[in-house]
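The values are calculated or read from the model by the stated rules, or taken from the named source; none is laboratory data. Because the structure is predicted, anything quoted here is derived from the model rather than measured. So basically every Cβ, Gly included, is an ideal-geometry build from the backbone, and we count neighbours across all protein chains shown. Quick note on the areas: whole protein, heavy atoms, side chains included, nothing else; ligands and nucleic acids left out. Shrake-Rupley method; radii C 1.70, N 1.55, O 1.52, S 1.80 Å.
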Amino acid sequence: MTTRTDLPYLRRRVRPATAPPATAPPATAPAGTAVADFLSGRSVRPGRQNPARPPTPAPTPEPTRPAAAPPAVGSLDLGGPAESAPAPARSGTSLDLGSEQPAAPPTSRSVPAPAPGGASTSLDLSGGASAAAPASRHVREQSYDLRLPTITEHERRVLSATDRVVHLTRMQSAVGRLRIEPALGAGEHLDLGCVLETADRQESIVLGTLNRQGPDPRRPMVRCGGQGVEIDLRRIHSLSRVLVVAVTPRLPGGTLVVTTYGGSRMEITLPATATLGAQALLTAYVVQGRLVLRAELDPFSGTLQQVCGAYGYTDLTWRDPATPLV
Amino acid sequence: MSALRKQTQALVLEINASAGDLPPIAVVLARAVTDTVASVLDSPEVDRLDIGVRVAVHAVLTDYVPGSIRSYIGAVRAAGDPAVHAATAAVVDQLTTLRASVGDLAAASNERDLQALQVHGRFLEDKFGGSELDL
């Protein structure tokens, strides 16, 4: 579209000395010319004009505004300095498309001068912001030698009071599943539960009698069922710690068997005693991607809520001392 | 010895209850200290322990390990996440030192080296025990 230059009076009628009514567009101005003027900044949106303001001059190169830098405006002001005359009832945000301030002449659209008040634009890509390189968010962990006993492939070990800890290797901690199953006599049954805390410090509980998998049922890390507890080790880095509890009023004796994918087997002898509803059996802590398993052999029992609280799982909520709110 | 065993049990309860506020490696190291102390207290020669060793074990159970744990929790709660990395390194160093000292005690106990026990017990008392000049 070309702009006609043989009808200058039409362009001048865009900003008449006496503003027309806000709702009535100029009758003689072609719609295309008015829109082009509005988009090029030579006019304002109808209805935005302030009758109390004096008419602004046409954007000519002649210097009609003071040469001194005006007060700082908004941080996204891409134009030149604003007029020195303050707008009476407007805050003057630079994102207002209907601003009464005319666009700066082409000579002032080069590099805007810094505001005298020291205000800098948030989009300024130059300056001191790039002087300091951002620190990496990846921090290399210091490796520690815990000097705890390990277990080899297909080894079988009984975890007792004098030898209750096993430090799995990185491979044993990250491949397959860790199975925790009770081996009981005929006719005996033992419900297991698993309380876990993820790496983002979210605590949750998985019970075979309540919710069989968790913490997220769509991508479960822990499954509980009639065969015991299974921990998916592919997502070991998402775990922080785990507590396996027996949820029963009476421990039936037998053995708790913990098996890795490589066939390592750890056995914990279960007592045949009454409980107050739950008893901690096994804890696991993830230290630098490796699992540290511990047979708790806890002489104390309590309600499920008390047992969870005794092992630091205090962010869980409960319907009653035996039923978590999941 | 029953008092030391009760103190060991109390420290285990405190470590477990604080596990939600501690890094996993700190829990593992602190429990390793209690395991080592328990092995010393469960040895058949426990009644022949030197008084210096008993004092050192008592201090580890009631002061040194709980002090490290409580200081870590307090530091992280006060300074927030930016202090976690430095606080974790500090508490791991402290617990590693304590574990090594208690491990030396246990090793000496197993070898029935009473002289080494006495020397190490005095060392621990001098190293970690309260000084008369402390306020």
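When residues of the stretch B:82-98 are filtered for being within 16 Å of B:Pro24 (Cα to Cα) and open to solvent by 20 Å² or more (accessible area, probe 1.4 Å), how many remain? Walk me through how you get there before you give the answer.
Restricting attention to the stretch B:82-98, the residues satisfying the condition of being within 16 Å of B:Pro24 (Cα to Cα) are B:84-96.
The next check asks that each one be open to solvent by 20 Å² or more (accessible area, probe 1.4 Å); those that pass are B:84-86, B:88-90, B:93-94, B:96.
Total satisfying the criteria: 9.
Is there a residue in the stretch A:193-207 that is touching a His at 6+ places or on another chain (Cβ under 9 Å), within 14 Å of another protein chain (Cβ to nearest Cβ), closer than 20 Å to A:Tyr311 by Cβ and outside any strand (DSSP E or B)? Walk me through how you get there before you give the answer.
Taking the stretch A:193-207 first, the residues touching a His at 6+ places or on another chain (Cβ under 9 Å) are A:199.
Narrowing further to those that are within 14 Å of another protein chain (Cβ to nearest Cβ): A:199.
Now narrow it down to the ones that are closer than 20 Å to A:Tyr311 by Cβ: A:199.
Pick out the ones that are also outside any strand (DSSP E or B) and you get A:199.
Scanning the stretch A:193-207, I find at least one residue that is touching a His at 6+ places or on another chain (Cβ under 9 Å), within 14 Å of another protein chain (Cβ to nearest Cβ), closer than 20 Å to A:Tyr311 by Cβ and outside any strand (DSSP E or B), so the answer is yes.
Which number in (1) surrounded by 18 or more Cβ atoms within 10 Å (Cβ to Cβ); (2) of a type in the set (Val, Ile, Thr); (3) touching a residue at least 60 places away in the same chain (Cβ under 8 Å) marks the one condition that A:Ile231 misses?
Against the list (1) surrounded by 18 or more Cβ atoms within 10 Å (Cβ to Cβ); (2) of a type in the set (Val, Ile, Thr); (3) touching a residue at least 60 places away in the same chain (Cβ under 8 Å), A:Ile231 comes up short only on (3).
What number of residues in the stretch B:15-55 are in a helix (DSSP H, G or I), under 20 Å from A:Cys308 (Cβ atoms), open to solvent by 40 Å² or more (accessible area, probe 1.4 Å) and not small (Gly, Ala, Ser)?
Matching residues across the stretch B:15-55 total 0.
Taking the stretch B:41-76, which residues are within 14 Å of another protein chain (Cβ to nearest Cβ), of a type outside the set (A, V, I, L, M) and over 17 Å from B:Leu29 (Cβ atoms)?
If the condition is that a residue be within 14 Å of another protein chain (Cβ to nearest Cβ), of a type outside the set (A, V, I, L, M) and over 17 Å from B:Leu29 (Cβ atoms), then B:Asp42, B:Ser43, B:Pro44 are the ones that fit.
Answer with yes or no whether A:Leu184 is within 26 Å of A:Gln306 (Cα to Cα), within 14 Å of another protein chain (Cβ to nearest Cβ) and either surrounded by fewer than 18 Cβ atoms within 10 Å (Cβ to Cβ) or more than 39 Å from the chain's Cα centre (by Cα) (or both). Steps first, please.
Details: within 26 Å of A:Gln306 (Cα to Cα): yes; within 14 Å of another protein chain (Cβ to nearest Cβ): no; either surrounded by fewer than 18 Cβ atoms within 10 Å (Cβ to Cβ) or more than 39 Å from the chain's Cα centre (by Cα) (or both): yes.
It is false that A:Leu184 is within 26 Å of A:Gln306 (Cα to Cα), within 14 Å of another protein chain (Cβ to nearest Cβ) and either surrounded by fewer than 18 Cβ atoms within 10 Å (Cβ to Cβ) or more than 39 Å from the chain's Cα centre (by Cα) (or both).
Give me the pairs: first residue in the stretch A:234-245 and on the phi < 0 side of the Ramachandran plot, second residue assigned to a helix (DSSP H, G or I) and among the hydrophobic types (A, V, I, L, M, F, W, C), beta-carbon distance under 6 Å, and six or more apart or on different chains, which are they?
A:Ile236/A:Ala174; A:Val245/A:Val307
Which is open to solvent by 10 Å² or more (accessible area, probe 1.4 Å), in contact with a Lys or Arg (Cβ under 9 Å, 6 or more places away or on another chain), assigned to a strand (DSSP E or B) and at the interface with chain B (Cβ under 10 Å from one of its Cβ atoms), of A:Val257, A:Val286? I'd like the intermediate steps shown before the answer.
Working: A:Val257 fails: at the interface with chain B (Cβ under 10 Å from one of its Cβ atoms).
Answer to the check: A:Val286.
Tally time: how many residues in the stretch A:159-181 are touching a residue at least 12 places away in the same chain (Cβ under 8 Å) and either closer than 19 Å to A:Met221 by Cβ or open to solvent by 80 Å² or more (accessible area, probe 1.4 Å) (or both)?
So the first thing to find is which residues in the stretch A:159-181 are touching a residue at least 12 places away in the same chain (Cβ under 8 Å), and the list is A:159-161, A:163-181.
Subsequent filtering for residues that are either closer than 19 Å to A:Met221 by Cβ or open to solvent by 80 Å² or more (accessible area, probe 1.4 Å) (or both) retains A:168, A:170-181.
Within the stretch A:159-181, residues that are touching a residue at least 12 places away in the same chain (Cβ under 8 Å) and either closer than 19 Å to A:Met221 by Cβ or open to solvent by 80 Å² or more (accessible area, probe 1.4 Å) (or both) number 13.
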